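Computed from the coordinates by the stated procedures, all read-outs in this text should not be read as laboratory data. The structure presented is a predicted model; accordingly, all values stated were derived computationally and were not measured. When we count neighbours, we look across all protein chains shown, and the Cβ atoms used for this are built from the backbone with ideal geometry, even at glycine.
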Amino acid sequence: MKELRVGIAGLGRLGRVHAANLAHKIPGAVLTAACVPGADSQAYARQELGLEKVYGDFREMVADPELDAVAIVSPSGEHCWQIEAALDAGKHVFSEKPLGVTMEQCLQAEAAVARHPELVCMLGFMRRYDKSYAYAKEKIAAGAIGTPYLVKSTGIDPEAVVEGAIRYSGTSGGIFLDSAIHDMDLMRWFLGSEAAEVYAMGCTFKHPAFQDAGDDETGVAVYKFKNGAMGMVHVGRTAPYGYHIETEIVGTEGTIRISAVPEKNRAMVYDVNGARTECVESFPERFAEAYLTEMEEFVRCVREGRKPDTGVADGIYATRVGYATTEAWKTGKIVKI
Ligand SMILES: NC(=O)c1ccc[n+]([C@@H]2O[C@H](COP(=O)([O-])OP(=O)(O)OC[C@H]3O[C@@H](n4cnc5c(N)ncnc54)[C@H](O)[C@@H]3O)[C@@H](O)[C@H]2O)c1
């Protein structure tokens, strides 16, 4: 097959990562267009990415007959209608998570995918493509820890970017929908079962602005799964040491722990503070390789006529669990999913 010509929607924090990968690092793909509002971002597309086709209107971009696929990295509320418009225009779709911000939007995207079985639609649950997570999954499948019965998942954003999180907190849907979507997906993936009920709570000890906006700076949720297994999620916004992502899967015969210390690399720094490894600072740093691997997989799926492992059904499941968790947090009750 000829090279896949991809257009990107959104050139923010993550859009620029995907754009750079598509432009320079992925065999079989070429970045040919971008859609983004704002003169600065459009200038970035022309000057930094060398693109001639730069749009402010998504429908105009997907009407381009020379385009084969789109990567949607726009704000979450835009994903579903853009997925639908792209599929209806005959383009393959990679969309960032979350699938949508309401169940109605998610079902709209699901219907569009059902109308176009000939097209690939992949959702960006990139942690599944991270080497350590993929390795853990392989070990579990090979029986290394027996039957997995508990997943403990931690995701704390760096305090260094807390101002942005505060600004966004009134419209983000709350800490669980905003921060725990990957954990919802991973728990199900590792346990091989879906969440049946959830109890959740939140607290705010450092930045009252989160509560002023109806949010919390830290959230904890516990889940019971249909097969009897358990899950525990801890999300937050105030890690003073960097970006803390950690997952532990406990089974009848052992445990696998991913990033118990969120190390930057293998270097040990000896200084006035002692001997220590430094921590990763941000999601683009921690998951740089996973973002590349998932996009390579998207391009391979299109070229080989395969369906990817992460699609709208996974997005709908994670969003449903996210809503149930938010309801449990807001009401203080156990919520059936
Ligand atoms: N997989 C992950 O780990 C991960 C990490 C961060 C963000 N995300 C997701 O990626 C998406 C983008 O996040 P971000 O942090 O890059 O956001 P951002 O706010 O930094 O960037 C959003 C970009 O989209 C553009 N935009 C706004 N409306 C648009 C439209 N209608 N069409 C096209 N572009 C539009 C903005 O101008 C901006 O360039 C969000 O859905 C977010 O949840 C996923």
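Would you compute, from DSSP H runs of 4+ residues alone, the mean residue ellipticity of the chain at 222 nm, taking -39500 (n - 2.57) per run and dividing by the full residue count, rounded to the nearest 500?
Numbers: 13 runs with 129 residues, N = 337.
After summing the helix terms and dividing by the residues of the chain, the value is -11000 deg cm²/dmol.
Between Val272 and Glu304, what FRET efficiency comes out of the Förster formula 1/(1 + (r/R0)^6) with R0 = 41 Å and r the beta carbon distance, rounded to 0.05?
Rounded to the nearest 0.05, the efficiency is 0.15.
Which FRET efficiency value, to the nearest 0.05, do you get for Glu48 and Ala111 by plugging their Cβ-Cβ distance into 1/(1 + (r/R0)^6) with R0 = 41 Å?
Working: r = 37 Å, r/R0 = 0.89.
With a Förster radius of 41 Å, E is 0.65.
With just the Cα atoms of the chain, tell me how far they stretch along each of the three principal axes, in Å, largest first.
Largest first, the chain extends 51, 50, 44 Å along its Cα principal axes.
Of the trypsin sites (Lys or Arg not before Pro) in the range 241-283, which ones lie in a loop per DSSP and count no more than 16 other C-beta atoms within 10 Å? Walk me through the intermediate numbers first.
On the way: sites: Arg257, Lys264, Arg266, Arg276; in loops: Lys264, Arg266.
For trypsin sites (Lys or Arg not before Pro) across the range 241-283 that sit outside H, G, I, E and B with at most 16 neighbouring Cβ atoms in 10 Å, the list reads Lys264, Arg266.
Which of Tyr241, Tyr291 comes first, and how do the rest follow, when ranked by fewest Cβ neighbours within 10 Å?
By the 10 Å Cβ count, ascending, the order reads Tyr241, Tyr291.
Suppose R0 equals 25 Å. What FRET efficiency, 1/(1 + (r/R0)^6) with r the Cβ-Cβ distance, do Asn227 and Thr102 give to the nearest 0.05?
The calculated FRET efficiency here is 0.30.
Taking the highest mean first, how do the peptides 91-97, 124-130, 51-57 order by number of other beta carbon atoms within 10 angstrom per residue?
Values: 91-97: 25.3, 124-130: 23.6, 51-57: 15.6.
The most tightly packed comes first, giving 91-97, 124-130, 51-57.
Would you compute, for the Cα atoms of the range 4-119, the largest minus smallest coordinate along each principal axis and list the three values in descending order, in whole Å?
Extents along the principal axes: 38, 26, 24 Å.
Peptides 84-90, 282-288, 6-12: what's the order by average Cβ count within 10 Å, highest mean first?
Put in order of decreasing packing, that is 6-12, 84-90, 282-288.
So how do 26-36, 206-216, 179-189 stack up, highest first, on mean other-Cβ count within 10 Å? Present the calculation step by step, with values, prior to reporting the outcome.
On the way: 26-36: 20.5, 206-216: 17.2, 179-189: 24.5.
The packing order, highest mean first, is 179-189, 26-36, 206-216.
Multiply the residue separation of Lys333 and Glu285 by 0.36 nm, subtract the distance between their alpha-carbon atoms, and state the gained length in nm to one decimal.
Contour length minus Cα-Cα distance gives 13.6 nm.
Dipole of the range 65-166 (Lys/Arg Cβ +1, Asp/Glu Cβ -1, origin at the Cα centre): which of Val73, Val151, Met126 lies farthest to the positive side?
About the Cα centre, the residue reaching furthest to the positive side is Val151.
For Lys2 and Ala20 in one chain, what is 0.36 nm times their gap in residues minus the Cα-Cα distance, to one decimal in nm? Don't skip to the answer; put the middle values down first.
Values: separation 18, 0.36 × 18 = 6.48 nm, distance 2.03 nm.
Gain on stretching Lys2 to Ala20: 4.4 nm.
In the range 160-242, with Lys and Arg counted as +1 and Asp and Glu as -1 at Cβ, which of these residues, Tyr199, Trp189, Gly214, has the Cα nearest the positive end of the dipole, that is, farthest along it?
Checking the options against the dipole of the range 160-242, the answer is Trp189.
Tell me, in nm to one decimal, what length is gained between Ala89 and Lys206 on full extension, where the rule is 0.36 nm per residue of separation less the Cα-Cα distance? List each step's numbers first, then the result.
Working: separation 117, 0.36 × 117 = 42.12 nm, distance 4.75 nm.
So the extension gain works out to 37.4 nm.
Aspartates and glutamates within cross-link reach of Lys264: Cα-Cα under 16 Å, excluding same-chain residues under 8 positions apart?
Those aspartates and glutamates meeting the cut-off are Asp130, Asp157, Glu246, Glu278, Glu281, Glu285, Glu289.
What GluC sites (Glu not before Pro) does the range 175-253 have in DSSP loop regions with at most 12 other beta carbons within 10 Å?
Passing sites in the range 175-253 are Glu253.
Can you spot the lysines whose alpha carbon is less than 21 Å from Lys25's alpha carbon? Ignore those fewer than 8 places along the same chain.
Cross-link targets: Lys2, Lys53, Lys131.
Just to be sure I understand: with springs between alpha-carbon atoms less than 10 Å apart, which residue in Ala69, Ala260, Ala200 has the highest mean-square fluctuation in the Gaussian network model of the chain?
Largest GNM mean-square fluctuation: Ala260.
Charges only on Cβ, +1 for Lys and Arg, -1 for Asp and Glu: so what's the dipole of the range 235-336 about the Cα centre, in debye to the nearest 20?
460 debye
About its Cα centre, what dipole magnitude does the range 4-119 give when the only charges are +1 on Lys and Arg Cβ and -1 on Asp and Glu Cβ, stated in debye to the nearest 20?
Charge dipole, the range 4-119, about its Cα centre: 380 debye, nearest 20.
Let's see if you can work this out: charge +1 on each Lys and Arg Cβ, -1 on each Asp and Glu Cβ, no other charges. What is the dipole magnitude of the chain about its Cα centre, in debye to the nearest 20?
700 debye
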